[in-house]
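> The following block contains the structure, expressed as structure tokens.
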Amino acid sequence: MSSLFDWFANKRKLEPHIQPQHQEREIADGLWTKCESCNALTYTKDLYANLLVCPECFHHHKVNSNERIAQLIDATTWQPLDKNLSPLDTLQFKDRKLYSDRLKETQEKTGLTDAIETGLGLLDGLPIALGVMDFRFMGGSMGSVVGEKLARLIERATQERIPAIIVCASGGARMQEGMLSLMQMAKISGALQRHREAKLLYIPILTHPTMGGVTASFAMLGDIILAEPKANIGFAGRRVIEQTLREKLPSDFQTSEYLVKCGFVDAIVQRPQLKSTLAHMISIHQPFYPVLPALFQQEHSVEKEPLHCLQEENGLLLG
Ligand SMILES: [Zn+2]
């Protein structure tokens, strides 16, 4: 009578114990995420729902470019620009590895062509040009592709008369491209100056970390400069400065909080409030919305209310 049960029971006993343990660990790895700051375990799904902010200590985990776009841009409105722009190893640079090999590896690992994604989209219904740096791609370093994509993005924003927003996450210029990476600072700054002359809004968002040539150019050229809490923001690293100045620096040196006190950063915004804060700022600064870029008009005109600008063009809102 009990033979079938015995058979199952014996079979279970005979199965090696390693397999289930291994399986359990694999599931646990993906299901739970340990906070880098307070070590609290959070259910990964909950962490993503909370925009990768620890619910215990509010530590802001690093966010990759895809996730950041999903957090800021209204669903189905993202239109990437220059997606196929890919870097070249002009200098045939070699450190521990060939630059060309390093590029190939990183491209395969991240699915990105370089350390930035740019595009147009709607943020709470407002058209914006958005650039998002990705720290996973060689530390978010700024090479010629990052520079070119950003310059083109800003020029497009100027042309469409929409605000430009750049989410910075970078270790600085890409040393493997030498001078070519440093030239990007001037190129992007030039595009931003023309955007400013057209009286259009530009907001950089400084996330952890924003360093080097990025801080020395577009990260600090915003009309309003926002930062995420406890982000490391600076030009040279803390140790280099301490050695040069031979001075002990304050413990919060080069953090968002320190830079707000010194006036380099205008406000620290918690990630869950970032989208609504941006929408608020854009609507304050552009009370008369420009005509939606043709791209948006085709796809989203149905959902939109009549725009102020259309009225403005007819002279209804003037005076
Ligand atoms: Zn935490």
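All of the numbers you see were taken from the coordinates with simple rules; none came from a lab. Because the structure is predicted, anything quoted here is derived from the model rather than measured. All Cβ positions, glycine included, derive from the backbone under ideal geometry; neighbour counts span all protein chains shown.
> Quick check on the stretch 100-230: take the gyration tensor over C-alpha atoms, sort the square-rooted eigenvalues as a ≥ b ≥ c, and tell me if it's rounded (a/c under 1.5), prolate or oblate.
Working: a/c = 1.62, a/b = 1.51, b/c = 1.07.
Because a/c hits 1.5 or more and a/b exceeds b/c, the stretch 100-230 counts as prolate.
> Oh, and also: Which of the peptides 171-178, 216-223 is most tightly packed, and how do the rest follow, judged by the mean count of other Cβ atoms within 10 Å per residue?
In decreasing order of mean packing, 171-178, 216-223 become 171-178, 216-223.
> Need one word for the stretch 146-213: rounded, prolate or oblate. Basis is the Cα gyration tensor (sqrt eigenvalues a ≥ b ≥ c); a/c below 1.5 gives rounded, then a/b vs b/c decides.
Values: a/c = 2.57, a/b = 1.54, b/c = 1.67.
Because a/c hits 1.5 or more and a/b fails to exceed b/c, the stretch 146-213 counts as oblate.
> Based on the Cα atoms of the stretch 195-277, what semi-axes does the equivalent ellipsoid have, where each is the square root of 5 times one gyration tensor eigenvalue, given in whole Å with the largest first? The partial results should precede the final answer.
On the way: eigenvalues 123, 49, 19 Å².
Whole-Å semi-axes of the equivalent ellipsoid: 25, 16, 10.
> I would also like to ask the following. Quick one: 3J(HN,Hα) in Hz for the stretch 216-230, Karplus 6.51/-1.76/1.60 with θ = phi - 60°, rounded, Gly and Pro as x.
Values, residue by residue: 6, 9, 5, 5, 10, 9, x, 5, 10, 10, 10, 9, 7, x, 6 Hz.
> Also, I was wondering about something else. With 21 Å as the limit, write out which pairs from LYS104/LYS149; LYS149/LYS187; LYS109/LYS275; LYS34/LYS230; LYS34/LYS97 have Cα-Cα distances beyond it, or answer none.
Correct reply: LYS109/LYS275; LYS34/LYS97.
> What dipole magnitude, in Debye to the nearest 20, does the stretch 129-224 give about its Cα centre under +1 on Lys/Arg Cβ and -1 on Asp/Glu Cβ?
Numbers: 10 positive and 7 negative charges, 24 e Å.
Dipole about the Cα centre, nearest 20: 120 debye.
> Measure off 7 Å from each Cα along the Cα-to-Cβ vector at GLU56 and ASN10, then give the distance between these two points in nanometres to one decimal.
Roughly 4.7 nm, to one decimal.
> What ³J(HN,Hα) values, in whole Hz, does the Karplus curve 6.51 cos²θ - 1.76 cosθ + 1.60 give for the stretch 197-214 when θ = phi - 60°, with x put for Gly and Pro?
3J(HN,Hα) across the stretch 197-214, in whole Hz: 4, 7, 6, 10, 7, 9, 10, x, 10, 8, 10, 6, x, 10, 9, x, x, 6.
> A further question on this structure: Residues with amide H under 5 Å of MET142's amide H, sequence separation 5 or more or different chain, H placed in the peptide plane at 1.01 Å from N; which?
GLY172, ALA173, ARG174
> Here's a follow-up. May I ask you to list the trypsin sites (Lys or Arg not before Pro) in the stretch 230-270 that are in a DSSP loop and have at most 14 other Cβ atoms within 10 Å of their Cβ? Intermediate values should be presented prior to the final figure.
Working: sites: LYS230, ARG238, ARG239, ARG246, LYS248, LYS261; in loops: LYS230, ARG246, LYS248.
When the trypsin sites (Lys or Arg not before Pro) of the stretch 230-270 are filtered for loop state and at most 14 Cβ neighbours within 10 Å, ARG246, LYS248 remain.
> Test of the criteria: in the stretch 229-285, which GluC sites (Glu not before Pro) are in a DSSP loop and have at most 11 other Cβ atoms within 10 angstrom of their Cβ? All intermediate terms of the calculation are to be shown ahead of the outcome.
Working: sites: GLU242, GLU247, GLU257; in loops: GLU247.
In loop regions of the stretch 229-285 (DSSP not H, G, I, E or B), the sparsely surrounded GluC sites (Glu not before Pro) are GLU247.
> Separate question: Under the Karplus relation 6.51 cos²θ - 1.76 cosθ + 1.60, θ = phi - 60°, what is the ordered set of whole-Hz ³J(HN,Hα) values for the stretch 103-109, x standing for Gly and Pro?
3J(HN,Hα) across the stretch 103-109, in whole Hz: 4, 4, 4, 5, 4, 5, 5.
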